[in-house]
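Scroll down for the structure; my scribbles are underneath it.
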There are 2 protein chains.
Amino acid sequence: MPTIVVEVMPKAVLLDPQGKAVAGALHRLGKSRFTDVRLGKRFEIAFEGDANEATLAEVRELAESMLSNSVIEDVVSVHFVGSGSQTDGAHVAGTPVEAS
Amino acid sequence: MPTIVVEVMPKAVLLDPQGKAVAGALHRLGKSRFTDVRLGKRFEIAFEGDANEATLAEVRELAESMLSNSVIEDVVSVHFVGSGSQTDGAHVAGTPVEAS
C-alpha cells in the first residue's frame, strides 16, 4: 500500500522543552558538540489509490489543518515513501529542511 | 550550523494508539481511503564541526541508545539536512522507508 510521510516540527520561536531536555542529556553525556535539539512528529499514512499529485495535495491540506497546530508547529515535509523529500511550508530555521 | 535529522517510528508489532486515533479522526472526516496512520518522532540535531561519516555514525549510535527505545521503536533514518535520506534500521513495514 502506498504511504505518505508528513513531518511536523515546532516553530523556531518556541522553546521546545522536549528538545531542550534531550540536548541537556547529550551535554551530560559529554556530547557537547551537539548544541541544539528540536523534537517534532513524523506521520506515516497508508492509503488506497494512486500516489499522485492530487493525493499529495490532499494530505498537505490535512497536514496543515489536522495533523499540525499552525500556532505552534510547521509542516516541514509531505512526501511519498521512497520518493525524494518535498519541502512544504516554512522550516524552523527559515530554510527548507530537505531539498526536493 | 549543520543539522542531522533522526527519525524514529513505533515498531510494526505495536498498536500505536496515537496513530490509531489520527486514523479514526480521518475516517470520521470521511477520508476513509487513508487506512492506517502511525505516529513517530523526528529529531533535528544541530552540531558544531564537520558533517562527515564519523558524525553520522556517532549520531546513529546515539539514536539507537538514547533517542529511541529499541524495545518499542525503530530508528528508520539518520541523515544530514539537505542530503538524500539514508535508511538506517528496519522500517515498520519491513522495507526501507526512504531509499538513499
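The values are calculated or read from the model by the stated rules, or taken from the named source; none is laboratory data. Because the structure is predicted, anything quoted here is derived from the model rather than measured. Backbone-built Cβ (ideal geometry, glycine too); neighbour counts: all protein chains shown.
Scanning region B:37-54 for residues that are aliphatic (A, V, I, L, M) and over 19 Å from the mean Cα position of the chain (by Cα), which turns out farthest from A:Val5 (Cα to Cα)? Show your work before the answer.
Kept after step one, since they are aliphatic (A, V, I, L, M), are these residues of region B:37-54: B:37, B:39, B:45-46, B:51, B:54.
Those left that are additionally over 19 Å from the mean Cα position of the chain (by Cα): B:51, B:54.
On the way: B:Ala51: 25, B:Ala54: 28 Å.
Across region B:37-54, the extreme among qualifying residues is B:Ala54.
Please work out which residue is surrounded by the most Cβ atoms within 10 Å (Cβ to Cβ), limiting yourself to region A:4-18 and to residues that are without any contact (Cβ under 8 Å) to a residue 40 or more places away in the chain and farther than 10 Å from A:Gly40 by Cα. Even if it seems obvious, please write down each step before you answer.
Restricting attention to region A:4-18, the residues satisfying the condition of being without any contact (Cβ under 8 Å) to a residue 40 or more places away in the chain are A:13, A:15-18.
This time we only want the ones that are farther than 10 Å from A:Gly40 by Cα, so: A:13, A:15, A:17.
Values: A:Val13: 7, A:Leu15: 8, A:Pro17: 10.
Here the answer is A:Pro17.
What number of residues within region B:36-59 are of a type in the set (Gly, Ala, Ser) and within 7 Å of another protein chain (Cβ to nearest Cβ)?
Taking region B:36-59 first, the residues of a type in the set (Gly, Ala, Ser) are B:40, B:46, B:49, B:51, B:54, B:57.
Checking the rest, the ones that are also within 7 Å of another protein chain (Cβ to nearest Cβ) come to B:40, B:46, B:49.
Of the residues in region B:36-59, 3 are of a type in the set (Gly, Ala, Ser) and within 7 Å of another protein chain (Cβ to nearest Cβ).
Restricting to region A:40-53, give me the number of residues that are at pLDDT 95 or above, over 27 Å from A:Leu15 (Cβ atoms) and of a type in the set (Gly, Ala, Ser).
1
Give me the pairs: first residue in region B:57-78 and of a type in the set (Lys, Arg), second residue part of a strand (DSSP E or B) and at pLDDT 95 or above, beta-carbon distance under 6 Å, and six or more apart or on different chains, which are they?
What qualifies is B:Arg60/B:Val78.
Of the residues A:Val78, A:Val22, only one is of a type in the set (A, V, I, L, M, F, W, C), over 27 Å from B:Ala23 (Cβ atoms) and either modelled with pLDDT of 95 or more or surrounded by 16 or more Cβ atoms within 10 Å (Cβ to Cβ) (or both); which?
A:Val22
Test B:Met1 against the stated conditions and say whether it is free of Cβ contacts under 8 Å to residues at least 12 places away in the same chain and of a type in the set (A, V, I, L, M).
Working: free of Cβ contacts under 8 Å to residues at least 12 places away in the same chain: no; of a type in the set (A, V, I, L, M): yes.
So B:Met1 fails the test.
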